[in-house]
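This report refers to the structure that appears directly beneath it.
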Amino acid sequence: MIATVNRRLTHTLQERVAGLRCRNCGARFPKVYLRRCPECGGLLVVQYDWELLRSAARDALGGPGIWRYWPLLPVTDPAHFVSLDEGRTPLLHAPRLGAALGLHDLWIKYEGTNPTGTFKDRSSATAVSSALEFGFWATALVTTGNGGSAVASYSARAGLKSFIFAPTHSAQPKLHHMAACATELVLVEGDYDAISRTYKQLIDQVEGVFDCGGLASPYKLEGKKSLAYEVAESFGWQTPDVVICPVGTGDQFVAAWLGFEDLVRLGWIERRPRMVCVQSTVADSIVAAWREGHELRPRPAGRTVAEGVAIGDPGAKGEWILDILREGDGLGVTPEDDEILAAQRLLAKTEGLWAGPTGAIAVAGAARLARDGTLAHDARVVCIVSETGLKGEYPPLKRAATPPDLGVWQEIITRRRGAS
Ligand SMILES: *Cc1c(COP(=O)(O)O)cnc(C)c1O
Ligand SMILES: [Zn+2]
């Protein structure tokens, strides 16, 4: 599986992972399995030896899926790189969508081609690989679907057992996907928060089960840095002006920022992009705090069509995003459900990309920012479209049937000719 990874450089770069550092109190730890800082409960960040990486990382690029960037990822032994050839997703120029929105250099990073249909594959690859590296026998998480199908898939691929806890009301296509790949899909009555409380007690007690969920795994977060590496490399190691990112737990947003920061450190790009945090109006704690200039005030999430971002309390990661927005001249935007659904349709009609509503929320954010003049028309803008539309659950299509009548059908085609 890992034949393409350069053996000599693997040896040279073996010591590149320097350990973990607490973002809150600065305490340092060796590379061990920790979810939070044992001193203060803060978020942990993987640290690297930059001198070593500057000398050898460029020549070492190569490997399956996100492991192309293995020098910048926290798994040491290539034998533990678990992959379904995730990542390497298309970065598509979107001229028709751009014309509709008034953005003349618009790009879509389309994550729907990942093996499980969302960008969760990136973080699941590093989380499950870390589980393997630390000698765990199983993985677990609480999920409404996308995270669960990715973790179950990568665990199966790694030969690890997986225990997936999901609310009964999750979408049927996702439940079937998880049931197929997981060792145990445990359906639970109750909302996400209630399920998470019991899960937290469980995961603290069971031995050898790697926590792939929650809001705080440094090893999970790292995998999503690969999205930033791919965007920069696709542009010939250039930075786009703006990257628009959906925010649920905030993993992808923070990881993209860290990924661009890594590349600046290596001298492969010159600057980081301006980042846009997109939340739903019903789960907007980060953007509200950014807009009003106060600290994060979590509140329960309401219902939205963009279920992947319906997180009311992103915790310490939300505070981290606030810091990034303030430090990096970032922006926040919160489209309404009808704007999200309009963006979903527009993306399909103009570029032929069928994304779920959560996947389309970044496009809805771009539309809003272009309309109110916040984004310059010639800015190079990348929208992260985080999922395929094929895993969603939709009500029956309301549309009257036509008879098999030649005249009626000809009329349909004639009517559309030349019209938009
Ligand atoms: C999980 C998810 C998100 C949110 O990503 P975070 O990294 O949790 O902020 C966005 N879109 C889709 C499709 C997801 O599955
Ligand atoms: Zn700490």
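Rule-based calculations on the coordinates, nothing more; no lab input. Only a predicted model underlies this, so the values are computations on that prediction, with no experimental measurement involved. Here Cβ is always computed from backbone atoms with ideal geometry, including for glycine, and neighbour counts include all displayed protein chains.
Some observations on this one:
- Taking each residue as 0.36 nm, the span from Arg96 to Arg271 lengthens on full extension beyond its C-alpha to C-alpha distance by 60.2 nm.
- If a spin label sat at a point 7 angstrom from the Cα of Asp329 along the line to its beta carbon, the backbone N atoms of the stretch 233-251 nearer than 15 Å would be those of 239-243.
- Gaussian network model of the chain, springs between alpha carbon atoms under 10 Å - residue of Ala355, Ala127, Ala179 with greatest fluctuation: Ala179
- Here the stretch 1-106 is assigned +1 on the Cβ of each Lys and Arg and -1 on the Cβ of each Asp and Glu. Its dipole about the Cα centre then comes out at about 140 debye.
- Kirkwood estimate for the chain, i.e. one over the average of 1/r between Cα atoms, Å: 22.1
- Relative to the dominant Cα principal axis of the chain, helix 146-158 is inclined by about 50°.
- Taking the C-alpha atoms only, the angle from helix 225-234 to the longest principal axis of the chain is near 60 degrees.
- When the chain is treated as a GNM with alpha-carbon contacts under 10 Å, the residue of Phe210, Phe260, Phe235 showing the greatest mean-square fluctuation is Phe235.
- Springs join every pair of Cα atoms under 10 Å in this Gaussian network model of the chain, and among Ala156, Ala194, Ala364 the largest mean-square fluctuation is at Ala194.
- Amide H contacts of Ala27 (H built 1.01 Å from N, under 5 Å, at least 5 apart or other chain): Cys22
- Counting only DSSP beta bridges whose two residues both lie in the chain, roughly 30 percent are antiparallel.
- The chain, helix-only ellipticity at 222 nm - DSSP H runs n ≥ 4, -39,500 (n - 2.57), divided by all residues, nearest 500: -12500 deg cm²/dmol
- Between Ser55 and Gln172, residue separation times 0.36 nm minus the direct Cα-Cα distance comes to 37.2 nm.
- Close amide H partners of Tyr48, meaning residues 5 or more places away or on another chain with modelled amide H under 5 Å apart, are Ala18.
- Label-point separation in nm, Asp77 to Glu295, each point 7 Å along Cα→Cβ: 4.4
- Each of the peptides 327-339, 402-414 was scored by the mean count of other Cβ atoms within 10 Å over its residues; in descending order, highest first, they stand as 327-339, 402-414.
- When only Cα pairs below 8 angstrom with a gap of at least 6 residues are kept, the stretch 297-420 shows a relative contact order of 20 percent.
- Relative to its Kirkwood radius, the Cα radius of gyration of the stretch 64-205 gives an Rg/Rh of 1.05.
- Applying a DSSP loop filter and a limit of 16 other Cβ atoms within 10 Å to the trypsin sites (Lys or Arg not before Pro) in the stretch 41-99 leaves Arg88.
- Fraction of antiparallel bridges per DSSP, the stretch 89-183 only, in percent to nearest 5: 40
- Relative to the longest principal axis of the Cα atoms of the chain, the long axis of helix 251-266 lies at roughly 60 degrees.
- Subtracting the Cα-Cα distance of Tyr33 and Glu393 from their residue separation scaled by 0.36 nm leaves 126.0 nm.
- GluC sites (Glu not before Pro) within the stretch 1-51, DSSP loop, no more than 15 other Cβ atoms inside 10 Å: Glu15, Glu39
- Where labels lie 7 Å past Cα in the beta-carbon direction, separation of Asp338 and Lys200 in nm: 3.8
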